[in-house]
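Student: Have a look at this one before I ask anything.
The values are calculated or read from the model by the stated rules, or taken from the named source; none is laboratory data. The structure presented is a predicted model; accordingly, all values stated were derived computationally and were not measured. Reconstructed Cβ throughout: ideal geometry from the backbone, glycine too, with neighbour counts over all protein chains shown.
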4 protein chains.
Amino acid sequence: MSKDKILQAAIEVFSENGYHRASMDEIAARAQVAKGTLYYNFPGKSQLFKTVVKQGIEEIMQRTEVELNSSLPMKEKMERVIGHHLNLFLESRHFSHIVFNEISNGIEQDVLDELKELKRTYISFLARMIEEGQCEENLCRDVDPNLAAASIVGTLESTCNYYLSHHDMYSREDLERFAFTMITQGLFISLD
Amino acid sequence: MSKDKILQAAIEVFSENGYHRASMDEIAARAQVAKGTLYYNFPGKSQLFKTVVKQGIEEIMQRTEVELNSSLPMKEKMERVIGHHLNLFLESRHFSHIVFNEISNGIEQDVLDELKELKRTYISFLARMIEEGQCEENLCRDVDPNLAAASIVGTLESTCNYYLSHHDMYSREDLERFAFTMITQGLFISLD
Amino acid sequence: MSKDKILQAAIEVFSENGYHRASMDEIAARAQVAKGTLYYNFPGKSQLFKTVVKQGIEEIMQRTEVELNSSLPMKEKMERVIGHHLNLFLESRHFSHIVFNEISNGIEQDVLDELKELKRTYISFLARMIEEGQCEENLCRDVDPNLAAASIVGTLESTCNYYLSHHDMYSREDLERFAFTMITQGLFISLD
Amino acid sequence: MSKDKILQAAIEVFSENGYHRASMDEIAARAQVAKGTLYYNFPGKSQLFKTVVKQGIEEIMQRTEVELNSSLPMKEKMERVIGHHLNLFLESRHFSHIVFNEISNGIEQDVLDELKELKRTYISFLARMIEEGQCEENLCRDVDPNLAAASIVGTLESTCNYYLSHHDMYSREDLERFAFTMITQGLFISLD
DNA sequence: TATGAATGAGGCTTCATTCAT
DNA sequence: CATGAATGAAGCCTCATTCAT
């Protein structure tokens with residue numbers, strides 16, 4: 001169906017170019033659909049973008065949810081969450097960049113608000129996992145869970161970006177191990 | 001002089017809107033200068049942007065350098081570096097967003113390359129501090145210093161972003177303390 | 001249809017002003033079409049220009065071809081070819097000027113190359129007629145046919161230009177007779 | 001002196017780019033003079049252009065005049081005139097193109113009128129030579145001398161243009177001989 | 001006599017959006 | 001449902017010209 005083709009094309013084009021450089025023309029071409037069809041199915045560019053982002057976030061949330069609802073120990077859960085994230089970032093780097101960063105640029109305010117809400121949803125989704133780690137297993141440090149969640153996402157994204165510019169120097173495993181270490185144990189050996 | 005007025009206006013406009021939404025018209029207006037004057041002083045939009053970013057990065061590098069060259073213990077250094085960063089991020093949130101993120105969107109390739117180079121410079125600048133902490137004080141964990149530097153920047157930025165959307169819930173000190181904890185000790189109490 | 005209106009307007013505007021002085025704004029206005037429509041139908045100014053020139057050259061080639069393929073004696077053919085040319089030059093003076101001259105100024109290199117190719121095509125088109133005159137009827141002097149063709153075009157154009165500035169002094173027949181004489185017999189009565 | 005440097009630079013730049021593509025910036029740069037100096041010495045672009053053209057035409061007229069005033073037989077004179085012309089065209093192709101063709105494009109009307117007048121002057125200068133050939137030596141055909149002069153210029157220019165695009169196929173001597181033949185004897189061997 | 005910073009009109013082009021079919 | 005021709009606002013940039021020094 002047209003709607004699906006458009007959505008798929010939109011993901012690609014937005015991911016490759018970012019919101020502003022993506023053009024409706026290219027999305028239509030990529031979806032093999034007339035430009036009018038875009039506007040028949042979506043109210044406009046920003047709404048289409050919103051839909052794409054929403055879908056993306058929901059997908060990763062679903063993927064992650066399975067782990068969180070499992071009865072794995074916290075440490076394993078964290079490993080898997082990091083793994084999922086890395087996949088997302090490495091698979092569609094620009095898209096996740098958009099989701100986690102560009103959301104603050106030049107989109108209509110109302111759409112932007114919705115997107116921020118979505119991001120918040122995702123952050124608090126991760127935060128719940130951390131809270132669990134704090135209460136149930138007494139494993140996580142007593143920090144604000146939301147800040148911690150935000151911090152994890154930031155770490156993962158910047159790490160991935162660096163990795164993508166230097167993928168000859170590290171393996172995917174290096175990256176995964178590094179991220180896990182930094183997130184869970186931090187940079188210092190001890191603080192005395 | 002015109003050049004300065006333009007540069008100042010450009011910082012503002014780029015910071016508020018991001019690269020693509022910023023218009024040369026608005027920059028000219030904000031600088032109270034004719035549009036032609038922009039092009040008399042800078043070859044074009046992307047070059048102007050590059051100049052702005054370069055200046056920003058150099059400024060924060062200068063600010064931070066003082067600490068790094070001091071004889072303070074590593075822990076103090078890290079605290080101050082975090083402090084400077086937080087200042088930068090909180091003072092001109094969008095600008096630092098640009099510096100550390102938008103550097104990957106739709107700018108002419110050559111300018112983009114220079115910007116990436118600048119960012120790399122900054123990252124390795126931080127990396128040197130970490131290396132020092134690894135060698136001299138045996139304080140820092142044996143991880144790749146560049147990845148660690150990238151990771152720190154990511155943590156700080158995402159944390160700031162979250163803070164800025166929820167500044168009624170945390171104080172600046174909370175933020176600072178949190179960032180320091182996450183960066184140096186990580187999320188987990190122990191890994192047993 | 002828009003495309004035709006634009007093409008017609010483009011001929012007019014390019015003819016009246018030459019390539020550089022012609023503005024897309026005026027072409028749009030003259031075609032009673034929005035500026036965007038120009039770009040919907042043609043990739044840009046230089047491509048539009050190319051299309052116009054191509055069309056013009058093809059038209060005169062068609063007109064002339066009939067004569068060339070006829071079984072008229074060479075002398076008659078030449079008279080008619082000169083007649084067609086004169087018509088073209090006098091009807092749309094600036095346009096032919098463009099076709100035969102401005103093709104060397106400030107147009108994108110690739111378009112320019114195509115235009116030169118077109119002009120070459122036309123020249124060798126005339127050259128074939130001359131070759132025929134050399135072989136079949138032993139009428140034409142043994143000179144390089146391509147140079148001769150170029151030379152004929154040059155004679156006709158400069159003659160027309162002069163005529164157009166002094167049309168009170170000569171009749172159309174004068175012009176035609178003169179051109180025929182100069183081209184076929186040259187300036188000198190004999191060379192002894 | 002500045003004026004001379006400017007004039008020299010202007011010839012170069014106008015010759016290389018044509019009137020519209022030539023920019024005052026480049027002329028100033030080429031003359032190693034500030035842009036203001038251009039306007040200190042000349043009222044504006046079109047006036048500067050006029051001066052350049054005037055100078056160019058006067059120069060070739062001077063060069064040719066020597067031959068015309070000599071007591072050489074007509075045939076020799078014609079050969080030399082053709083030689084001078086060819087030199088002019090081949091040395092600074094674009095410049096002569098401008099002088100003899102672009103003079104009809106987008107320059108202020110008053111300057112344009114003056115330029116046309118100049119061109120006319122040159123044409124009638126050649127025409128006088130032809131008249132002489134008609135009267136004194138009874139060598140030249142009884143055609144309108146001005147038209148003939150115009151025709152000669154056209155032949156030479158288009159021939160040169162063709163030569164310049166195919167300089168691997170003809171020698172300078174070929175060109176000279178060809179032009180002389182076409183101009184003096186025309187294309188046909190006889191007309192019976 | 002010369003400078004060069006500043007100007008602003010005008011040009012080309014892009015692109016989200018509309019609408020008649 | 002879908003189309004695609006048409007739109008026009010908005011953006012970037014060029015360049016002849018001016019003027020205070």
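Student: Tell me yes or no: at least one residue of region D:134-144 is more than 10 Å from chain C (Cβ to nearest Cβ) and in a helix (DSSP H, G or I).
Tutor: yes
Student: Something else now. Filter the helices (runs of 4 or more DSSP H) completely within region A:1-93 down to those with at least 2 residues that are surrounded by 14 or more Cβ atoms within 10 Å (Cβ to Cβ) and within 16 Å of DNA strand E (Cβ to nearest atom).
Tutor: Details: elements: A:2-21, A:24-30, A:35-41, A:45-69, A:74-91.
Filter on region A:1-93 gives A:2-21, A:24-30, A:35-41, A:45-69.
Student: Out of B:T155, B:T184, report the one residue that is touching a strand residue (DSSP E or B) at 6+ places or on another chain (Cβ under 6 Å) and surrounded by 18 or more Cβ atoms within 10 Å (Cβ to Cβ). Before you say what the answer is, go through the steps one by one.
Tutor: On the way: B:T155 fails: touching a strand residue (DSSP E or B) at 6+ places or on another chain (Cβ under 6 Å).
Of B:T155, B:T184, the one residue that is touching a strand residue (DSSP E or B) at 6+ places or on another chain (Cβ under 6 Å) and surrounded by 18 or more Cβ atoms within 10 Å (Cβ to Cβ) is B:T184.
Student: Report yes if B:Q55 is closer than 24 Å to B:T121 by Cα, more than 8 Å from DNA strand F (Cβ to nearest atom), in the same structural domain as B:L112 (by TED's automatic domain parsing) and polar (S, T, N, Q), otherwise no.
Tutor: Values: closer than 24 Å to B:T121 by Cα: yes; more than 8 Å from DNA strand F (Cβ to nearest atom): yes; in the same structural domain as B:L112 (by TED's automatic domain parsing): yes; polar (S, T, N, Q): yes.
Criteria met by B:Q55.
Student: Tell me which residues, restricted to region C:114-123, are more than 11 Å from chain D (Cβ to nearest Cβ) and surrounded by fewer than 22 Cβ atoms within 10 Å (Cβ to Cβ).
Tutor: Of all residues in region C:114-123, those more than 11 Å from chain D (Cβ to nearest Cβ) come to C:114-115, C:118, C:121-122.
Scanning region C:114-123 gives C:E114, C:L118, C:T121, C:Y122.
Student: Something else about it: So, in region C:1-48, of the ones that are touching a residue at least 40 places away in the same chain (Cβ under 8 Å) and within 11 Å of DNA strand F (Cβ to nearest atom), which residue ends up farthest from the chain's Cα centre (by Cα)?
Tutor: Checked region C:1-48; the qualifying residue farthest from the chain's Cα centre (by Cα) is C:I6.
Student: Find the residue count for region B:158-181, including only residues that are surrounded by 24 or more Cβ atoms within 10 Å (Cβ to Cβ) and outside any helix (DSSP H, G or I).
Tutor: The qualifying residues number 0.
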